[in-house]
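This report refers to the structure that appears directly beneath it.
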Amino acid sequence: EKNFEKLKQDVKSLKRKRDAMLDREIKIRNDLNSGTVQNAATYRLPLAVLPPQNLSQRQVLPSEAEVQRLKNIARIKQKLQAHALCHGVTSLRGENNETKFIFDPYVGGKPFGPFVLRMRFIRTQAVLRGHNLPHAVPTRSLYTEYFEDVENHSEQLAPFIRSVAKHLRAFLSRKQQCDQLRESFAEDIQDFQAANQCTAISFSICLKDEDNKEQITISIAMIYDIDGERPKPESLKVSFDPPNTTEDDIESLKEQCLVFYNKRLAEAVIEAF
């Protein structure tokens, strides 16, 4: 009977110790994730759950070097989280030894994705396995550009992923700008065209002078790089109808149209006209 009572006490003691260790593990994990690692003494187990023979012994605590290492891990994790939030790119290990690069870009305050690119790493080679990126992103061509005739692919991986992300964001931004322009100026925009994955954009807009009831139709055309969100320098073309518009008016309107190089399409139309 005494042995049974002692066994019950031992079981209760072990349960309390288990609960205390789980609480400590959760606290350490949360502090690491939040980057708020505290002094090592903060994570010490309560004396009540330690065996009696250990009460008089000095508890082994992490060294200063180990605590500093934990802090560095927490900082690195924070930087990686910030990078994922800012650039919209994360990676994880998938099935069949594949690594998935997941793109979740935010464009114009709206989330897009996820878009997934799968790669397998065999020794020093990175093999492209597949993706669900839009056709406007020249994924295969970029892979050839960065990895063809290169022995060590690891050095080219980060530039390749950045380039894919840039092309993806640029296409989504151009398409979003075109959609917003047509929605915002449905009654004013005419002959709208967005060819070649929205890299060749043209439209006409009618301006009316209420004082003398004159009307001028301005035709605008611009070319974008495939990885660009704004028109290529000097690619903006502006024409007028009627063609007998005065030179001063033409120069003034052309100068106003320069905002297309720096603004989103809908914003540029508002500011220019």
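Assorted remarks:
- Whole-number percent relative contact order across the stretch 75-146, with pairs defined as alpha carbons under 8 Å at least 6 apart: 18 percent
- Of VAL49, VAL67, VAL150, the one that fluctuates the most in a GNM where the chain has Cα springs shorter than 10 Å: VAL49
- Theoretical FRET efficiency, 1/(1+(r/R0)^6), r = Cβ-Cβ of VAL127 and ASP179, R0 30 Å, to 0.05: 0.25
- A simple rule links phi to the HN-Hα coupling: the Karplus curve 6.51 cos²θ - 1.76 cosθ + 1.60 with θ = phi - 60°, which for the stretch 43-49 gives 9, 6, 5, x, 4, 5, 9 Hz, with x for Gly and Pro.
- Among the listed pairs LYS71/LYS263; LYS110/LYS208; LYS79/LYS100; LYS110/LYS232, those whose Cα-Cα separation exceeds 31 Å are LYS71/LYS263; LYS110/LYS208.
- The stretch 127-273, Cα convex hull volume normalised per residue, Å³: 121 Å³
- Assigned charges on the beta-carbon of Lys, Arg, Asp, Glu; the chain dipole about Cα centre (debye): 3240 debye
- Here LYS232 and LYS27 are evaluated by their C-beta separation; at R0 = 45 Å the FRET efficiency comes out at 0.25.
- Relative packing of peptides 171-177, 91-97 - highest average C-beta neighbours within 10 Å first: 171-177, 91-97
- Overall form of the stretch 52-195: oblate. Here a/c, set by the Cα gyration tensor axes a ≥ b ≥ c, is 1.5 or more, and a/b is not larger than b/c.
- Listed residue (ALA136, PRO233, LEU85) projecting farthest to the positive dipole end of the chain, Cβ model: LEU85
- Span-like helix criteria (full DSSP H runs; alpha carbon extent of at least 27 Å along the helix axis; mean Kyte-Doolittle hydropathy of at least -1.0) are satisfied in the chain by 64-87, 154-184.
- For the chain: relative contact order, % (alpha-carbon pairs under 8 angstrom, 6 or more apart): 8 percent
- Computed [θ] at 222 nm, deg cm²/dmol, the chain (DSSP H ≥ 4; -39,500 (n - 2.57); rounded to nearest 500): -14500 deg cm²/dmol
- Calculated Rg and Dmax of the Cα atoms in Å (choose from (1) 20.4, 79; (2) 31.1, 113; (3) 21.5, 73), label: (2)
- FRET efficiency, ASP188 to GLU66 (Cβ-Cβ, R0 51 Å, nearest 0.05): 0.15
- Prolate/oblate/rounded call for the stretch 150-224, Cα gyration tensor, a/c under 1.5 rounded: prolate
- Computed over the stretch 165-222: relative contact order in percent, which uses C-alpha pairs under 8 Å that are six or more apart: 24 percent
Here, each number is a calculation from the coordinates, and none is a lab measurement. As the structure is a computational prediction, the values presented were derived from the model and not from experiment. Counting neighbours? That spans all protein chains shown, and the Cβs are built from the backbone with ideal geometry, glycine included.
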